[in-house]
Amino acid sequence: MLYENDNNAIGEGVYVEFVKEKLQWYAFDVRTGQQLWESTPTDDAWGTYSRGAYIAYGKLYTTAYDGYVRCYDLETGDQLWN
């Protein structure tokens, strides 16, 4: 992982950003700018408040005030677990 903060991260050739109005993560190719995927919206309003995004081992790990840690496949955007 090269960079992270509460609502975005860059690593492994992918930039991800959380859009709180939609409760979704969006991923983009850092070389082309092309959107790769968007996540399924979280189902808890407290998920609006993202507290971290981390990229490692081909996965996106996120945390939020809803108390969940979520793991997404970095290539497809599929949520693997929470």
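The values are calculated or read from the model by the stated rules, or taken from the named source; none is laboratory data. As the structure is a computational prediction, the values presented were derived from the model and not from experiment. Using ideal geometry, Cβ is built from the backbone for each residue, glycine included, and neighbour counts are taken over all protein chains shown. When the accessible area is computed, the model is the full protein with side chains, heavy atoms only, and any ligands, DNA or RNA have been set aside. Shrake-Rupley method; radii C 1.70, N 1.55, O 1.52, S 1.80 Å.
Observations, loosely collected:
- Unmet requirement for Gly77, which otherwise passes all of (1) over 10 Å from the mean Cα position of the chain (by Cα); (2) assigned to a loop (DSSP other than H, G, I, E, B); (3) in contact (Cβ under 8 Å) with a residue 12 or more places away in the chain: (1)
- With respect to (1) touching a residue at least 24 places away in the same chain (Cβ under 8 Å); (2) in contact with a Gly (Cβ under 8 Å, 6 or more places away or on another chain); (3) not small (Gly, Ala, Ser), the lone exception for Phe18 is condition (2).
Residue by residue, here is whether (1) assigned to a loop (DSSP other than H, G, I, E, B); (2) open to solvent by less than 70 Å² (accessible area, probe 1.4 Å); (3) at pLDDT below 90 holds:
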site	(1), (2), (3)
Ala9	no, yes, yes
Val16	no, yes, no
Arg31	yes, no, no
Leu60	no, yes, no
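- Within segment 62-82, if we keep just the residues that are over 15 Å from Glu17 (Cβ atoms) and among the aliphatic types (A, V, I, L, M), the residue that is most open to solvent (accessible area, probe 1.4 Å) turns out to be Leu80.
- For segment 33-58, filtering for residues that are open to solvent by 70 Å² or more (accessible area, probe 1.4 Å) and assigned to a strand (DSSP E or B) leaves 5.
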